[in-house]
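A short worksheet on the structure shown next.
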Amino acid sequence: MVSVAPAAAAEAVVNPGPFDAPPAFPQVYSGPPVAPGEPLKAPPAYATTKIYDWTGFYIGVNGGGALGNADWSSVPDLTSGTLDVSGGLVGGTVGYNLQTGEPWVLGIELDVDWSRLRGTASPTSCAPGCQLNVSWLDTARVRFGWTFDGFVPGGILPYVTAGVALSDLRASIIGTPFGTQDQANLAWTAGAGVEFVITGALRAKVEYLFVDQGKVTCDAPCGGGPIVFNNINSNVIRAGFNYRLWMN
């Protein structure tokens, strides 16, 4: 018979491989050591806790709003200025997290958002105004976070994020009498956020992204133009819910 000293403490944690399907809350045993083959027992003097494991695929939804601006210049009448761009957006998310060890979490996240971001310039050659629209916004980003445990009912993950952004830019005269001019721009985005556990599979997040969206030139749809919209950018604030697909 193997005897052990109850004063000594041990922890047993099972770490899954990076592509295995771990439980959301793997058991962490803190109690006296036991003999090999004997079940772990947690007497009243010790606690058996659950530490959230962020590893796994997830899907989600998000929504929010954006404020930004763009420079514009009209070649026909030699005028220029700055316009405000604002509106809402809503869409979906898919991602994967890898918890490489306490407390670091590395992830990749893709999202596709329909947006209604718009602003208007007012050169004389484009009366009653040239409108700039961002009709959708997609991002592909890496996330790097530091997780905190001990929060009820699970964990909390502050993170920074950066990657690429793909925007659909549309320019036209208000009312579109001559149609629209569309252009998809690939640029960059960076920001930060915080995600926290609501229950085992369900998490919520709030994040900020700065999105550079490049420029677009509007010719015939803006009355012959050209009207150049340059340095287009947005400050996006949104919230969302993510659902973890791996659950045991």
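Tabulated values for the structure
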{"read-out": "From phi via Karplus (6.51, -1.76, 1.60), per-residue ³J(HN,Hα) for the stretch 129-136 in Hz, x at Gly/Pro", "value": "x, 9, 9, 10, 10, 10, 8, 7"}
{"read-out": "Additional length obtainable on full extension of the chain from ALA192 to ASP219, 0.36 nm per residue less Cα span", "value": "6.0 nm"}
{"read-out": "Potential extension, SER122-LEU110 segment - 0.36 nm per residue separation minus Cα distance", "value": "0.7 nm"}
{"read-out": "Amide hydrogen neighbours beyond the local backbone of ILE51, cut-off 5 Å, H modeled", "value": "VAL28"}
{"read-out": "Set of the stretch 112-133 residues, backbone N closer than 14 Å to the point 7 Å along the Cα-Cβ line of PHE178", "value": "123-131"}
{"read-out": "Equivalent ellipsoid dimensions for the stretch 146-248 as semi-axes, Å, which come from the Cα gyration tensor, largest first", "value": "41, 14, 10"}
{"read-out": "Cut-off 15 Å (backbone N to label point 7 Å along Cα→Cβ of ILE59), residues of the stretch 74-110", "value": "91-96, 110"}
{"read-out": "Quotient of C-alpha Rg and 2.2 N^0.38 Å, computed over the stretch 188-248", "value": "1.83"}
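Computed from the coordinates by the stated procedures, all read-outs in this text should not be read as laboratory data. Just so you know, these numbers come straight off a predicted model, no measurement behind them. When we count neighbours, we look across all protein chains shown, and the Cβ atoms used for this are built from the backbone with ideal geometry, even at glycine.
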